[in-house]
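Report on the following structure.
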Amino acid sequence: MTDSKDKASNAMWGGRFAAGPDAIMEAINASIGFDKRLYAQDIRGSRAHAAMLAATGILTSSDAEAIREGLLTVLSEIEAGDFPFSTALEDIHMNVESRLKALIGEPAGRLHTARSRNDQVATDFRLWVRDQADAAIAAFDGLIRALLAQAEAGADWVMPGFTHLQTAQPVTWGHHMMAYVEMFARDQNRFADARKRMNESPLGAAALAGTGFAIDRHMTAEALGFDRPMANSLDAVSDRDFALEFLSAATIASVHLSRLAEELVIWSSAQFRFVAMSDKWSTGSSIMPQKRNPDAAELIRAKIGRIMGATVALFTVMKGLPLAYSKDMQEDKEQVFDAADNLMLALAAMTGMISDLTVNRAKLEAAASSGFSTATDLADWLVREAGLPFRDAHHVTGTLVAMAEAKGCDLPDLSLEEMRSVNPAIDERIFGVLGVHNSVASRQSYGGTAPDQVRAQIARWKERLA
C-alpha cells in the first residue's frame, strides 16, 4: 500500500508503476524548485492550448471556459504568493494542473489532450528565453544612451589611447565611449537576431511524433506571439539551441561589460584618477579609511565567470543526447536562469555607473600629453611634408623620442635645432602637429577620433535610437 505522496506521484505517471519514488529519486527527479519561474509562460501556453482545443471541437466550450477561468485563478494565487508548490508533483506543469483539478474538477484532466510535457516545457522555456532576450535588448538601449551622453559631453576631451596598456596615441573621451556603444550595439543585435530564430512554436509536437488529434498549431503559435509552428516534431522537443544561442550572446556581452568594468577599475585608481565613481557604486574599507573601492565594477567583471560557466554547462548537457527528449534536458534551465539574472544585473549596474560617472578632464589631458603620444604624428608629418619613406620617418622619430627621453622632456619640448640635428628636413611647421589637440583633430578618417567625427557618430546613433 502506498502513502499519499506515492499516490500523487503515481497519478502523473499513470498505471504503469506500482510504487512511487523514494526520497532520493524524488529529489533528483523534481525540478519545481527552479522551474516554478516558468509559471506565467506555462499558464499562457495552457490557455492558448485550451482555446485551440475548443476551436477545433476537441474540447467543449464549457470545459474550455472552466479551464480558462481556473488557470487565471492559479495565476493570481502564484503571483500573490499563496500557491502551495509540491516537490511530489515534480514540475511547474503538474503543480499547475493539480491545482487546476482541485479548482474545477474533471475538465482539468482534458487540458493535456494532444500535448505532452515534452512540447509543453519546450514551449514554456522558449517563451521565457524570448522574454529575457526582449529584456536584454531594452537594457542595452539604456546603456547605449548613457554612453552616448558621456561621449557627447567629452567629444573633444583628449585622453591617452593605449595599446598593451602603454600610451599609444591621443584619442578623445567621446571616441572611447563610442567604442563601447558599437560593441554593445552588436551585443543587442545578437539578442535580436537570436530572438528571430527562436520565435517558432514547439506546442503541438506532443511527445516527439506529433498527435493524431486534428489540432491547429498555427492558431496556438499566433496566440503565443510566435511567427510559425516548428516544422519538425522531433526537432521541436529535442533541441535547446535557442537557449544556447541566448547564452552565447550573453557570454559575448558579458565580456564587453567586463572589459569596460576593468577600465573603470583602472581609471578610478589613485594612479590614474581619470574618473570618480559616485557613492552609489563604491564601497569603503573596514580598516583603511582612505579607500574608495569600485566594488560594483569588480563584481560586473566577475559575472563573466558565471555566465560563461552556464554556457559551457548547457553545451555539455546537450552534446551527446540522441533524439528526442532525455531527462538530461531538465538540467537546461538553472544555468540559463542564473546567466540571465546576472546579465540583467550587470547591465543595470553598468548603466548606473556610466550615468553617474564624473570624469577628470584635466587628468585625461595631462596623461594624453605625456608618454610621447604624438610620435606617430611626427612620423606622419615627415612622410607627408618631408617626403621620407615611412620606415625612414619611423627611424627618425624613434631617434627624437630617445633624445627627448634622455633630456627628460616630451617631443614638443625639443628645440627646432635639436630636431634638425636628426633630420634637416624638419622645419617649424612640425610644432603644429605635436600638440595632442592637433593630433586628435587630424584623425579625420571615417570612424576616427577627431571631435567632429565623434559628433557625427553620436548624431547617427541619436537618430537611430529615436
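Consider the range 319-330 and keep the residues that are loosely packed, with under 15 Cβ neighbours inside 10 Å and within 26 Å of the chain's Cα centre (by Cα). The one that is farthest from Met308 (Cα to Cα) is Asp328. Whether a residue is in a helix (DSSP H, G or I), surrounded by fewer than 12 Cβ atoms within 10 Å (Cβ to Cβ) and of a type in the set (Asp, Glu) was assessed, and Glu417 passes this test.
Of the residues making up the range 236-282, just one is in contact with a Pro (Cβ under 9 Å, 6 or more places away or on another chain) and either outside the structural domain of Glu331 (by the TED database) or surrounded by fewer than 17 Cβ atoms within 10 Å (Cβ to Cβ) (or both), namely Ser269.
Are any of the residues in the range 345-355 farther than 30 Å from Val312 by Cβ, at pLDDT 95 or above and in a helix (DSSP H, G or I)?
Yes - at least one qualifying residue is present in the range 345-355.
Report yes if Ala139 is more than 26 Å from Pro202 (Cα to Cα), under 27 Å from the mean Cα position of the chain (by Cα) and open to solvent by 50 Å² or more (accessible area, probe 1.4 Å), otherwise no. For Ala139, the condition - more than 26 Å from Pro202 (Cα to Cα), under 27 Å from the mean Cα position of the chain (by Cα) and open to solvent by 50 Å² or more (accessible area, probe 1.4 Å) - is not met. Would you check if there is a residue in the range 361-377 being in contact with a Lys or Arg (Cβ under 9 Å, 6 or more places away or on another chain), under 30 Å from Met177 (Cβ atoms), touching a residue at least 60 places away in the same chain (Cβ under 8 Å) and part of a helix (DSSP H, G or I)? For the range 361-377, residues in contact with a Lys or Arg (Cβ under 9 Å, 6 or more places away or on another chain), under 30 Å from Met177 (Cβ atoms), touching a residue at least 60 places away in the same chain (Cβ under 8 Å) and part of a helix (DSSP H, G or I): present.
A single entry from Glu365, Glu417 fulfils the requirement of being farther than 30 Å from Ala253 by Cβ and either assigned by the TED database to the domain that holds Ala139 or at pLDDT 90 or above (or both): Glu365.
Looking only at the range 424-451, residues that are open to solvent by 80 Å² or more (accessible area, probe 1.4 Å) and of a type in the set (Asp, Glu) come to 1 in all. Scanning the range 108-126 for any residue that is over 17 Å from His49 (Cβ atoms), under 33 Å from the mean Cα position of the chain (by Cα) and in a loop (DSSP other than H, G, I, E, B) turns up nothing. Which residues, counting only those in the range 160-219, are of a type in the set (S, T, N, Q) and in contact (Cβ under 8 Å) with a residue 40 or more places away in the chain? Within the range 160-219, Gln166, Thr167, Gln169, Thr172, Gln188, Asn199, Ser201, Thr211 meet the criteria.
Only one of the numbered conditions (1) under 17 Å from Arg228 (Cβ atoms); (2) assigned to a loop (DSSP other than H, G, I, E, B) is not met by Ala207, and that is (1). Residues in the range 380-412 that are open to solvent by 40 Å² or more (accessible area, probe 1.4 Å) and either on the phi > 0 side of the Ramachandran plot or touching a helix residue (DSSP H, G or I) at 6+ places or on another chain (Cβ under 6 Å) (or both): Val383, Gly387, Phe390, His394, Thr399, Gly408, Pro412. As a summary of the residue check, Asp216 satisfies the conditions (1) open to solvent by 50 Å² or more (accessible area, probe 1.4 Å); (2) assigned by the TED database to the domain that holds Thr358 except for the one numbered (2).
Yes or no: Asp193 closer than 30 Å to Ser326 by Cα, in the same structural domain as Asn360 (by the TED database) and open to solvent by 50 Å² or more (accessible area, probe 1.4 Å)? Considered against the rule, which asks whether it is closer than 30 Å to Ser326 by Cα, in the same structural domain as Asn360 (by the TED database) and open to solvent by 50 Å² or more (accessible area, probe 1.4 Å), Asp193 comes out as yes.
The values are calculated or read from the model by the stated rules, or taken from the named source; none is laboratory data. Just so it is clear, the model here is predicted, and its values are computed rather than measured. Using ideal geometry, Cβ is built from the backbone for each residue, glycine included, and neighbour counts are taken over all protein chains shown. Note: areas computed on protein heavy atoms with side chains; ligands, DNA, RNA excluded. Shrake-Rupley method; radii C 1.70, N 1.55, O 1.52, S 1.80 Å.
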